[in-house]
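Visitor: Structure provided below as structure tokens; questions to follow.
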Amino acid sequence: MIPSVGKASAFLELHVPGRPLLMPNPWDAGTARLLASLGFKALATTSSGHAATLGRLDGSVSREEAIAHAASIAAAVDVPVSADLENGFADQPEAVFATVRAAAAVGLAGCSVEDFSGQSEAFIYDAGLAAERIAAAAEAARITPGLVLTARAENFIRGNPDLADTIARLQAYQEAGADVLYAPGLANIDDIRQVVASTDRPVNVLVRAGLPSVAELAEAGVARVSIGGAFSHVALAALARAGRELLDDGTYAFMDLAAEGRDHATAAFGFD
């Protein structure tokens, strides 16, 4: 196991432009162990996947719940884990600082903070305040044991696909001390190349329909590819399909997939 004090540096070293870290997002300790057993080198929590385990939608989890959840995943695996801290669960920089310090105390290697307030689909923090919030998060993340701070510019998934503003924000977050830059929703390879060329930090790209292949993203200089809540949604879809088959058809074709899942669980949960 990586010592707690070395987790952040080990995590940051995995971010190599042109050889992107493939980082999936488990939603509980079991899925974390399964993904680690498959060979993934780092993991990140997913706010939507976590909320689904509680029967809620994304954006409805508290700071205390999110940090406890992240701690349980970090404790379940030996690989570095980064926590999705949404907007830091606060508007003001000093409160974001406190959130990041709380996250650093539970064995994590990294965290992300976004510039969307969560109050409405159109509410992105003013650029100046957004940068101040990232500066506070970066200050907290530098205190031992440190964290790799990912700063998220949310424009493209919040109804404002403004590439120039997104790049300006990422540049400001870089100057404020972010270690990794992330604009979820980017899918056009030319836009991605422009973000990479306009910044001096590793860039993370979120998997979504229509995204170029990992090979193309590597050629563009991307350093990390994450999944967000997609894998948790895949699991929910498989469960719903199996349930509908039983209810509507009275058949059991899902048992083939169940056997495959059981084999993965046996391999993953017995590797200690």
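Visitor: On the given criteria, is ARG201 touching a strand residue (DSSP E or B) at 6+ places or on another chain (Cβ under 6 Å), free of Cβ contacts under 8 Å to residues at least 40 places away in the same chain, assigned to a loop (DSSP other than H, G, I, E, B) and surrounded by 14 or more Cβ atoms within 10 Å (Cβ to Cβ)?
Guide: yes
Visitor: Still on this structure: Taking the criterion of being free of Cβ contacts under 8 Å to residues at least 40 places away in the same chain, of a type in the set (Ser, Thr, Tyr), in contact with a helix residue (DSSP H, G or I) (Cβ under 9 Å, 6 or more places away or on another chain) and surrounded by 11 or more Cβ atoms within 10 Å (Cβ to Cβ), would at least one residue in the range 241-253 satisfy it?
Guide: Yes, the conditions are met somewhere in the range 241-253.
Visitor: Given the conditions (1) basic (Lys, Arg); (2) surrounded by fewer than 14 Cβ atoms within 10 Å (Cβ to Cβ); (3) touching a strand residue (DSSP E or B) at 6+ places or on another chain (Cβ under 9 Å), and given that ARG19 satisfies all but one, which numbered condition is not satisfied?
Guide: All conditions are met except number (3).
Visitor: Could you go through the range 109-122 and let me know if any residue there is modelled with pLDDT of 95 or more, surrounded by fewer than 20 Cβ atoms within 10 Å (Cβ to Cβ) and over 16 Å from the mean Cα position of the chain (by Cα).
Guide: No - not one qualifying residue is present in the range 109-122.
Visitor: Using the structure shown, decide if LEU211 is in a loop (DSSP other than H, G, I, E, B), free of Cβ contacts under 8 Å to residues at least 60 places away in the same chain, at negative phi and surrounded by fewer than 21 Cβ atoms within 10 Å (Cβ to Cβ).
Guide: yes
Visitor: Being in contact (Cβ under 8 Å) with a residue 12 or more places away in the chain, buried (at least 21 other Cβ atoms within 10 Å of the Cβ) and on the phi < 0 side of the Ramachandran plot is the requirement here; does ASP191 meet it?
Guide: no
Visitor: Please identify the pairs in which a residue from the range 215-230 that is in contact (Cβ under 8 Å) with a residue 24 or more places away in the chain and assigned to a strand (DSSP E or B) has its Cβ atom under 6 Å from the Cβ atom of a residue that is of a type in the set (Val, Ile, Thr) and buried (at least 19 other Cβ atoms within 10 Å of the Cβ), counting only partners at least 6 apart or on another chain.
Guide: VAL225/VAL205
Visitor: Let me ask another. Pick from the range 4-49 the residues that are out of contact with any helix residue (DSSP H, G or I) (no Cβ under 9 Å at 6 or more places or on another chain) and at pLDDT below 95: which of them is nearest to VAL214 (Cα to Cα)?
Guide: So, considering only residues that are out of contact with any helix residue (DSSP H, G or I) (no Cβ under 9 Å at 6 or more places or on another chain) and at pLDDT below 95, the one nearest to VAL214 (Cα to Cα) is GLY6.
The values are calculated or read from the model by the stated rules, or taken from the named source; none is laboratory data. On a predicted model such as this, the values are computed, not experimentally measured, just so you know. All Cβ positions, even for glycine, are placed from backbone atoms using ideal geometry, and neighbour counts span all protein chains on display.
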